[in-house]
Structure formats: C-alpha cells, structure tokens
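Colleague: Below: one structure in structure tokens.
The values are calculated or read from the model by the stated rules, or taken from the named source; none is laboratory data. From a predicted model like this one, the values you see are computed outputs, not experimental measurements. Every residue, glycine among them, receives a Cβ derived from its backbone with ideal geometry; neighbour counts consider all protein chains shown.
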Amino acid sequence: MRQWLSPMLAFTLVACANAPQMERPALPVPAQWPAAVAPTATGEAREAVKTHWRYFFTDPRLQALIAQALAQNRDLRAAAARVEEARATWGIVRADRLPTVNLLGQASITRTQDDLNTSASNQRFDLTLSAVSYEVDFWGRLAGLSDAARRSYLASEEARRAIHLSLVADVATAYYTQLQMTDLTVLTRATVASREESVAVIRKGQEIGAAYDFELEQAEGLLEASRANLAALDHQRTVATNLLNYLVGGEPTGLPPGHRLEQQGLDTALMPGLPGEVLLQRPDVMAAEQRLIAAHANIDAARAAFLPKVLLTAGIGAASSGLASLFKAGAWAFQPVISMPIFDGGRGEGNLDVAKARKVVAVADYEKTIQLAFREVADQLSARASLASQMRSAQANLRAQQRRLQIAHARFDGGMTGYLDVLESEREVNAAQQIDTQIRRAQLESAALLYKALGGGTQGNETTLSVR
C-alpha cells in the first residue's frame, strides 16, 4: 500500500502546484483618454454608474416610457429568464458537492408448491437509508465546476444589466427622434402655409404687372418641395413612433405630458474618469470578465480530473422476515472507493485542451469588449465637444438668417428688390431651423449614448432609486 500511496501523493502535490492562478489581463487600451477628447474638469460632474436614469432623463414622459419598456420589453424578459436558467444550472452543479441520500423500502413475498402438494412461503422486508457514491472533493474538481457555473450565472446577470442599460438609451434616442420629427413637421407645415401665401402674393403682383412668371414658377416649385418634405416627415415620424412602441413592448398608455425638444436640456455633466476605473464597471465588460473566470475554473476542473477520486457509499437499514420485527434488526455498510484514471483514450487530455482553448477565446472576448468600450466612450466624448461647437455656430447662423429675412421683407416693401429675395431668405431660415433641430437632437442622443458608454446607473433599485 505504501508503494502505491507514495507516488500517488507525490503526483497529486505536483499537479496541485502546477495549477496557475487566475490573473486579470492587462487592459489593452491607453491609460488616458485621447487628448483630442479629454474632458475638462467640472465641479458638478457625476459618475454615470452612480446616476440613476431617472435623475439623468428628467422628462416625465420619457421616464414613463422607460419604465414601461423595462416592464414590458421582450428582450429584457428573455435576458431575465436566462439569468434564472443560469442560477438553476449553478444550483444543479453545486448539488454535486453534497451527498445524495435515499430512503428505500422494499418488500418481497414468494410462495412455492411442489409435486407433493406442499407449499412454502417466504417474505422479506427491507428499509434502507443510503448515501450513494458521494465524491470527496479533495482536489477541487467539483468546486471548479461549481465556480464555473456560478460565474456563468453572474455573467448572465451582467448581460441582463447590459441589455437594461441599452434599452434605456435606445428608448431615449427613439423618443428624441420622435420629438425631432414632430418639431420638423410643425416647422414644415408652417413653411408650406407661408409659401402658399407667397404664391398668392406673387400671383396678385403678376396681375398688376409687378411680378414675373419666373418668380411665380420658383415660388410654386418651393411650395411643392415643402409639401413633398412634409409627406416624408410624416412617414419618418410614423417610423419613429413604431420603433418607440416596439422598444416599449406595446403602445404606451397613460403617459404624462412631456417637454419639447429644446426643453430637454440634459445638463448633467458626466465624469468619465480614467479608462481603467470606468470601463471595468460597464456591465458588458463585467460579463466578459465573469466568463473569463468561468473558463479558468473549467481548466482547474479539467486538471483535477487526472487525480484520484475518492467515492463513499454508506447505508444503514433493517431487514426482517416479518413487518412487525423489521425495526428490531439492523445493518449498516460503509464502502470507500479510490478511483485513479490510468487510460481513457485521451479523453482527459482532450477535455483539458478544450478548456484551455475556451479560455483563450474568453481572453480575446474580454479584451475586445474593453477595446470596444474605450472606443464608444472616446467617440461620445468627441461628439459632445463637437456638437457643442456645432450648436453655437448653428444658433449664430439662425439668428443671422432671421435678420436677413427681416431685411429682405423691408427691401421688398420699399420696392428695392423683388420677392425672390424674400423667398430665398425664407428658404435659408428654414434650412437653418432644420439644422438647429437636427444638432439639438444629436446632442441629446450623444448624451444618452455617453451615459450608456460610461456604464449608466443600472445597479440600484428601480423603485427606491438607490445606487451603488
């Protein structure tokens, strides 16, 4: 026995010593945000992960839409079901670390008869309480499998949070698009009415010889272009509404009044912090990290499969020829078994290679997720700075075009120019208003996407608004 146990113990110690520890891979991104998009310091900035979406999106109508989407969206329901599935799977694997205890009752009654017409009867009653094949997890094989299942469950929970956060941002951007289409529709209808009035004015001027056919044709062309644009906007607004209803999970009901596009004003400044501090708090990155830890645990379990297994079988019970005397007799059994893999056709090595390959995939997925997160944050930081500059220029241009329109009307009323100058000025004002509305919507969308890219506040209770 000593000749067998000594090499086995030495092999076990070597195998345990060679098991590598899990280390988080270095972040495959710079330690600082690009200089071109580096945020400026502000005393009012807050961390996105500590800012609940109700505090970030203050429009009451948008808040109601997000709340209904979180309650009704099918993708989020499926994600929650996958979390429950992973939790149940973890429970099944964890149960393998505990003994299975069975209570077995059995009765056997037989009767025989020979050629001499004599008969005999036998009866036997058994009652057994047994623990069947309980594996003593000396080397951590079952613990590794349990930890892998637990990490898969945690990864599914982080994936649910990622879908939660994406849904919040998607509902917000769809809502802002709907508001933009509404504003553009109102603006275009006003433009159509103004151009209809312009056509009427030019026709009257033509009757008295004060306007030319060229001016009338141009005015009618601008009118028809505005009508075509209005029809296109009606379609785009319908598409935006359909998208919003899809995200919400049905047609929203009981919505309170909301703010107009220019009243949204997401003034909450988000503090990006350092990449290493921010990116690791994103739910998709945390999910990738949990999958990586699960892959490492599977490697440990595959290595432990090469080591001896200690199985225990025990039982206690009673057997008797009569039911009345069943509990007067007893018996017990204890059977330890040591199983050492010698030859399995390469199955153990194959399982270990599979586990190692899956860990390589998990590392690549983890690094790719971090790189994507870094790019998303950097893009939105750049968009925030660029759109702020664009908005200042757009508003200055709108003010200039409005002053130009006033001058054009004054020159026309004074008989200094024809009505074409007024039409051209109106067209420029309309274009400037559309650009202003477009940039404003882009600013709001960029703010929502930056909130999502920085991890958002998805870790608090939805009713109490507590945050981590």
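Colleague: Could you tell me whether any residue of region 55-67 is closer than 26 Å to Leu279 by Cα, surrounded by fewer than 16 Cβ atoms within 10 Å (Cβ to Cβ) and at pLDDT 60 or above?
Modeller: yes
Colleague: Restricting attention to region 168-176, does a residue exist that is within 30 Å of Arg303 (Cα to Cα) and either part of a strand (DSSP E or B) or aliphatic (A, V, I, L, M) (or both)? If you could, list the steps in order and put the result at the bottom.
Modeller: Pass one, region 168-176, residues within 30 Å of Arg303 (Cα to Cα): none.
Within region 168-176 (the criterion being within 30 Å of Arg303 (Cα to Cα) and either part of a strand (DSSP E or B) or aliphatic (A, V, I, L, M) (or both)), the answer is no, since none of the residues qualifies.
Colleague: Check whether at least one residue in region 380-394 is assigned to a helix (DSSP H, G or I) and closer than 30 Å to Val201 by Cβ, and report yes or no.
Modeller: The answer is yes, given that some residue of region 380-394 is assigned to a helix (DSSP H, G or I) and closer than 30 Å to Val201 by Cβ.
Colleague: Can you find a residue that is acidic (Asp, Glu), loosely packed, with under 14 Cβ neighbours inside 10 Å and farther than 23 Å from Val429 by Cα anywhere in region 197-214?
Modeller: Of region 197-214, the ones acidic (Asp, Glu) are 197, 207, 213.
Within this subset, residues satisfying the condition of being loosely packed, with under 14 Cβ neighbours inside 10 Å are 197, 207, 213.
Checking which are farther than 23 Å from Val429 by Cα leaves us with 207, 213.
Checked against the condition, which is being acidic (Asp, Glu), loosely packed, with under 14 Cβ neighbours inside 10 Å and farther than 23 Å from Val429 by Cα, region 197-214 yields at least one hit.
Colleague: Among the residues of region 290-313 satisfying the criterion of being polar (S, T, N, Q) and over 22 Å from Val337 (Cβ atoms), which is surrounded by the fewest Cβ atoms within 10 Å (Cβ to Cβ)? Walk me through it before giving the result.
Modeller: The first filter runs over region 290-313 and keeps only residues polar (S, T, N, Q), leaving 290, 298, 313.
Subset that is over 22 Å from Val337 (Cβ atoms): 290, 298.
Details: Gln290: 22, Asn298: 25.
Result: Gln290.
Colleague: Still on this structure, I have one more. Which residues, taken from region 265-285, are modelled with pLDDT of 85 or more and assigned to a loop (DSSP other than H, G, I, E, B)?
Modeller: Arg282
Colleague: Any idea which of (1) modelled with pLDDT of 85 or more; (2) surrounded by fewer than 22 Cβ atoms within 10 Å (Cβ to Cβ); (3) in a helix (DSSP H, G or I) is the one Gly258 doesn't satisfy?
Modeller: (3)
Colleague: Report every pair of residues separated by at least 6 positions or lying on different chains whose Cβ atoms are under 7 Å apart, first residue within region 358-386 and surrounded by fewer than 19 Cβ atoms within 10 Å (Cβ to Cβ), second not in a helix (DSSP H, G or I).
Modeller: What qualifies is Val363/Pro25; Glu367/Pro25; Glu367/Pro28; Gln371/Pro28; Gln371/Val29.
Colleague: Check region 206-223 and report whether any residue there is part of a helix (DSSP H, G or I), at pLDDT 85 or above and out of contact with any helix residue (DSSP H, G or I) (no Cβ under 9 Å at 6 or more places or on another chain).
Modeller: Yes, region 206-223 contains a residue that is part of a helix (DSSP H, G or I), at pLDDT 85 or above and out of contact with any helix residue (DSSP H, G or I) (no Cβ under 9 Å at 6 or more places or on another chain).
Colleague: Identify, by number, the condition in (1) modelled with pLDDT of 85 or more; (2) of a type in the set (Phe, Trp, Tyr); (3) surrounded by fewer than 21 Cβ atoms within 10 Å (Cβ to Cβ) that Tyr451 doesn't meet.
Modeller: Condition (3) is where Tyr451 drops out.
Colleague: Ala400 passes all but one of (1) in contact with a Pro (Cβ under 9 Å, 6 or more places away or on another chain); (2) modelled with pLDDT of 90 or more; which number fails?
Modeller: All conditions are met except number (1).
Colleague: Moving on. Taking Val422 as the residue in question, decide whether it is hydrophobic (A, V, I, L, M, F, W, C) and farther than 30 Å from Glu217 by Cβ. Write out each step before concluding.
Modeller: On the way: hydrophobic (A, V, I, L, M, F, W, C): yes; farther than 30 Å from Glu217 by Cβ: no.
Against the criterion (hydrophobic (A, V, I, L, M, F, W, C) and farther than 30 Å from Glu217 by Cβ), Val422 does not qualify.
Colleague: Pairs only if they're at least six apart or on different chains, beta carbon under 6 angstrom, first in region 99-110 and closer than 19 Å to Leu311 by Cβ, second surrounded by 10 or more Cβ atoms within 10 Å (Cβ to Cβ) and of a type in the set (A, V, I, L, M); list them, first residue then second.
Modeller: From region 99-110, the pairs are Pro99/Ala131; Thr100/Val132; Val101/Ala131.
Colleague: If I go through region 71-88 residue by residue, how many of them are touching a residue at least 12 places away in the same chain (Cβ under 8 Å) and surrounded by fewer than 18 Cβ atoms within 10 Å (Cβ to Cβ)?
Modeller: Here is the first cut: in region 71-88, the ones touching a residue at least 12 places away in the same chain (Cβ under 8 Å) are 71-76, 79-80, 82-83, 85-87.
From what's left, surrounded by fewer than 18 Cβ atoms within 10 Å (Cβ to Cβ): 71-72, 74-75, 80, 82, 85, 87.
Of the residues in region 71-88, 8 are touching a residue at least 12 places away in the same chain (Cβ under 8 Å) and surrounded by fewer than 18 Cβ atoms within 10 Å (Cβ to Cβ).
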